[in-house]
1. Specify which residue in the list 73, 37, 51 is farthest towards the positive end of the charge dipole of segment 35-80, using unit charges on the beta carbon of Lys, Arg (+1) and Asp, Glu (-1), about the Cα centre.
2. Using θ = phi - 60° and the Karplus relation 6.51 cos²θ - 1.76 cosθ + 1.60, list the HN-Hα couplings for segment 195-203 in order, rounded to whole Hz, with x at every Gly or Pro.
3. With unit charges on the beta carbon (Lys/Arg positive, Asp/Glu negative), name the residue among 143, 95, 116 whose Cα is farthest towards the positive pole of the charge dipole of segment 91-186.
4. Rank 225, 158, 169 by how far each Cα sits towards the positive end of the charge dipole of the chain (+1 on Lys, Arg Cβ; -1 on Asp, Glu Cβ) and give me just the farthest.
5. Treating only the Cβ atoms of Lys and Arg (+1) and Asp and Glu (-1) as charged, compute the dipole magnitude of segment 16-145 about its Cα centre; round to the nearest 20 debye.
6. Take every Cα pair under 8 Å in the chain that's 6+ residues apart, average their separations, divide by the length, and report that relative contact order as a whole percent.
7. Between segment 60-124 and segment 307-328, what is the C-alpha centre distance in whole Å?
8. Highest first, please rank the peptides 226-238, 127-139 by the mean number of other Cβ atoms sitting within 10 Å of their residues.
Amino acid sequence: MSNPFTPEQLIRKEIFSLSAYHVPPAIGMIKLDAMENPYLLPMFLRKEIALLAENAPINRYPDASAMALKKTLRDHLRISDEMDILLGNGSDEIIQMIAMAIAKPNAVLMSVEPAFVMFRMIATFANTQYVGVTLNKDFTIDLDAMLFAIAKHNPAVIFLAYPNNPTGNLFDEEAILRIIAATSGLVVIDEAYHVFANASMIDRLGSFPNVLLMRTLSKVGLAGLRLGLLVGRTQWLRHFEKIRLPYNISTMTQLITEKVLQHTDILSQQADAIKLERVKVNASLSAMNGIEVFPSRANFILFRVKNAGQVFQSLKQRCILIKNLDGTHPLLENCLRITIGMPEENTQFCSALHDIISQT
Ligand SMILES: *Cc1c(COP(=O)(O)O)cnc(C)c1O
């Protein structure tokens, strides 16, 4: 054999120089870092799920088109007949399908910064140029900068999370409409947190040919199942559908999601409990000296301390895992993000943080 290539020679340099998405170990920790719903489903429903598992034909491939699940989702979300649904193994996979579909040699994928990190990462995976337009200091959209960037880069697609992660705020709807009007490309509204926001742009979909709307079940209590969906016109979705790997939604995900969606009252109650806790955590944080708290419409709260690294480590020593965003973007200097957990977890977090802050 001739001289074999090294990985560095063979792998695209953007990929070679990437660091893998880091998921910190969380065994034995109070886990408040990943926007998960802390509540389990009630026992009666878990037993029904166990029965589904017992009878599931897992020797067969899943239904490739996930027909039954799509119908349930359509009814559940009251999606009009002119709109189609595309399912992904989490909405991450949908972002990937869109990026792969638009990845012409000079195509640009645009978002704001700071935003959901997967927009940038997936653009890189798909060999697409990423442009992130910096938000204002208060995390609102810098509309002038955005319109300028749109004119300059002519993006194929713009991703906007509504509410935004990791900042938690809901962008001004007027600003989003101006962006939609200014671009010739697609605009994907990512509503991963809509149940906590009491706001959605889903009713706007019909008015714009180039707007798509993304949802996920991850943040409402089904993160382990991996199901995301894209709603939009067939003229777009039928092309993304070709990129979707045929069996991306597993049999268990299809069966369990359908079952759980018959009990949306349970998910709503859990979301309500999380929203109530969000008010309490916000009040506790706001009452502490030396902390700046940012208003949140999601199931997490962003806040700024004097020394984020030190506070993060001290919390970790007390077995409380949150997210340290310091160093990820200049606007997030000394910022930490806590996902709202169960009442006792939130109380423990607040009292630990209070101790740590008053000692430093
Ligand atoms: C968590 C998150 C997602 C990804 O969710 P999946 O688990 O892949 O469905 C997408 N967008 C935003 C803004 C998120 O915060």
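Read the figures in this text as sums done on the coordinates, not as results from a lab. What you see is a predicted model; the values in this text were computed from it and never measured. Don't worry about glycine lacking a Cβ; one is built from the backbone with ideal geometry, like all the others, and counts go over all protein chains shown.
1. Going by the charge dipole, the pick is 73.
2. After applying 6.51 cos²θ - 1.76 cosθ + 1.60, I find 5, 9, 9, 6, 7, 7, 9, 4, 6 Hz.
3. In segment 91-186, that residue is 95.
4. My answer, from the dipole projection, is 225.
5. 340 debye
6. Answer for the chain is 22 percent.
7. Centre-to-centre distance over Cα atoms comes out at 32 Å.
8. Per-residue Cβ counts within 10 Å, averaged per peptide and sorted highest first, yield 226-238, 127-139.
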